[in-house]
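All of the numbers you see were taken from the coordinates with simple rules; none came from a lab. The structure presented is a predicted model; accordingly, all values stated were derived computationally and were not measured. Cβ placement follows ideal geometry from the backbone for every residue including glycine, while neighbour counts extend to all protein chains displayed.
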Amino acid sequence: MKKTILSVFAILASLKMQAQTQNDSIKYSDIQEVIVIGTTNISNKESKPLSSIDEYLQKSPQVEMIRRGSYAWEPIINNMATERTLITIDGMRIFGACTDKMDPITSYVEISNLSSATVTSGEQGSCHGSSIGGSIDLARKHCGFGEKKWDFNINSGFESVNLQKIMGGGISFKTQNFYTDVDFMSRNADNYTAGNHIEIPFSQFHKINFSGISGVKFSENKLLEISVIYDKATDVGYPALPMDVSLAEAVIISLKFQYHPAQKKLKNWETKIYYNHITHRMDDTKRPAVPIHMDMPGWSTTYGYYSKLNFEFKNQNILLNINGFANKSLANMTMYPENPNENLMFMLTWPDVKTFYQGVFLEDVFALNRLSTLKISGSAGFHFNKIDSEFGLNSLQIFYPEMKPEKSRFLKSLGLNYDFSENAFEAGLGIGYSERAPSVSEAYGFYLFNSAEKYDYIGNPDLQNETALEANAYLGFKTKKYSAKITSSFFKISNFIVGKYHQEYAPMTIGANGVKLVSTLDFATIFNIALDSEIKLMEFLKYSLQITYSRGKDFENANLPYISPLSYRSALSFDKSNFTSEISIFGNGTQNDFSPDYGETRTPDFAILNASFGKKFVYENMKISLKIGVENIFDKYYTAYSDWNKIPRAGRNFFMNLGFEF
């Protein structure tokens, strides 16, 4: 199978179709991608401008999503879950407050207040902390300095599949020495219907998001910027899980100082301090026939900073980032017996864990000649955990009698990348080494139920650092009409963290198959390869194609979970005279390489057809953008490999997005 796929990739590459998407959605710089998300108004070139951030991120061949409902999907990079990757908002470290991963960092922003998402693969994603799989940095938009000007925008949308109503608006104002952007967005959705008009209960959600950012220039080369994000989701259903969410709330605040020196070598110095607090409450009160009612709140508070310096010499560019954070994670569970005379049952599922990190990242890019560059990058960090709750410590000491409340680790990474570019041809090779510390759940989680595997998980504070050796390469060709780019990566991950069944322990969750203690495998390997291509048929007509394939195995040749089968995306797009249209198809091959040890089963193949049409109107000083379309035209009932507990995806969906800018 693998040889066949590689042969197909080679043939497609020889046809000189493009890997770099030219529709202003994804732009490449070696194996780093920048996904352009939004502007002050709805982008008429996007097939569905007011889609969620999750749908935008899936444009990258390196990013997939684990779905537990229709809200807040978990992004995975290079087929690695969030423990092995790093997600930041404007460089800020933020940690979710849910033990079941219902609140990924991407859920606390909106496409209306973002400008781009930078996806970086492997060790190169270690700029803001330790990472093995890569990173995503979500950059927020701001209008910047300029001639005095006000801008207003209003966005609205509707989707038939879940009766989702989308409303939002924004105001921006700028002068030569001041700017401010304020944005608001709300989404309200009922249960969605899968193919064949099957309603999926407990899939509703309600969300509001507020974003504000202001900057002031107090000299020609000094900037002070303050920003705030407030995001609140309520009554969020998770049909793939046994519980829903009554509240997911985030407050994110930052203050940035930026300095552009007059001297030639130091080009930019940017320093930011930030604070964020996440509150998350799982709830099962709306579920019928619950064996025992539970409350599961969680809280995460982070203080952090970074200071970036960019140096530029004749043939050399250097980035130095000194960064650190302090986080407190606390979660508990209270069980209420049906008999009011029985005692409540209480446990700390995250036992008030404090994490401190202090690191430094250095990247040095040498221009070897006019055609090639060599990039050396590396990081070093001190990682410290402490359990602040004596009750939580005593609970874990039932399983680890000798464990101490504190644990220190030293984390490091090193990468070397060579890039070559001449005329229409580009190529690159890279190697890397990286390490990460176990997450709070992996090290200190106490009876965390995995509903896909049907096991309770107990963390292991004695885990060694997980380490990865990485090799990556890309090959591309680009002309005005055709281009193609193939990217690939291979990871050998040692001390691969997983859960192992221990029959001597009794589960806490009713219906659980048993208890798994977090442990490690000797090693595991993950291989990824992707082709992203485009051909310009006419000035206003283009065809694009993306194909990806991955394979993951452990040291005993057993399959790893949540590894993507062969997948593809293809689109024919028209753009002329303020009118756009697109017909697209995406799908997965059959997932035969599943992992039954982790609750996976075979997933059939599928192919989904979509279409959209858009028009932009201009009336004096007002611009109006209208986009209508239909997704899953044939109303297919299907599920993908990454859908938790095989929850089906949405059926036929008619949507409309309408935007005003003035």
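Miscellaneous remarks
- Region 274-387 gives an Rg/Rh value of 1.30, both radii derived from C-alpha positions and Rh following Kirkwood.
- With the simple spin-label model, which puts each label point 7 Å out from Cα in the Cβ direction, the Phe399 to Phe145 separation comes to 5.5 nm.
- Translational diffusion of region 142-250 was estimated from the Stokes-Einstein equation, with Rh taken as the Kirkwood radius over Cα pairs; at 25 °C and 0.890 mPa s the coefficient is 150 µm²/s.
- When Rg and the Kirkwood radius Rh are both evaluated on Cα atoms of region 348-397, their ratio Rg/Rh stands at 1.44.
- The residue list Ser483, Asn495, Gln397 was ranked by how far each Cα lies along the charge dipole of the chain toward its positive end, using unit charges on Cβ atoms, and Ser483 comes out on top.
- Per residue, the chain reaches -1000 deg cm²/dmol at 222 nm when only DSSP H runs of four or more residues are counted, each adding -39500 (n - 2.57).
- Highest to lowest packing among 410-417, 586-593, scored as the average C-beta count within 10 Å: 410-417, 586-593
- R0 of 22 Å, Cβ-Cβ distance Asn621-Val182: FRET efficiency to nearest 0.05: 0.65
- Label-to-label distance, nm, for residues given as Leu572 and Ser115 (7 Å Cα→Cβ offset): 3.7 nm
- Label-reachable residues, region 508-530, where backbone N falls under 16 Å from a point 7 Å from Phe555's Cα toward its Cβ: 519-526
- Note on Asp235 and Arg287: the model spin-label points, each 7 Å out from Cα along the C-beta direction, lie 2.0 nm apart.
- Which listed pairs, of Lys485/Lys646; Lys101/Lys536; Lys101/Lys217; Lys328/Lys412; Lys480/Lys616; Lys492/Lys636, have C-alpha distances above 30 Å, in listed order: Lys485/Lys646; Lys101/Lys536; Lys101/Lys217; Lys492/Lys636
- Listed residue (Met333, Ser413, Leu368) projecting farthest to the positive dipole end of the chain, Cβ model: Leu368
- Separation of alpha-carbon centers, region 381-415 and region 86-154, rounded to whole Å: 29 Å
- Once you divide the Cα radius of gyration of the chain by 2.2 N^0.38 Å, the number left is 0.95.
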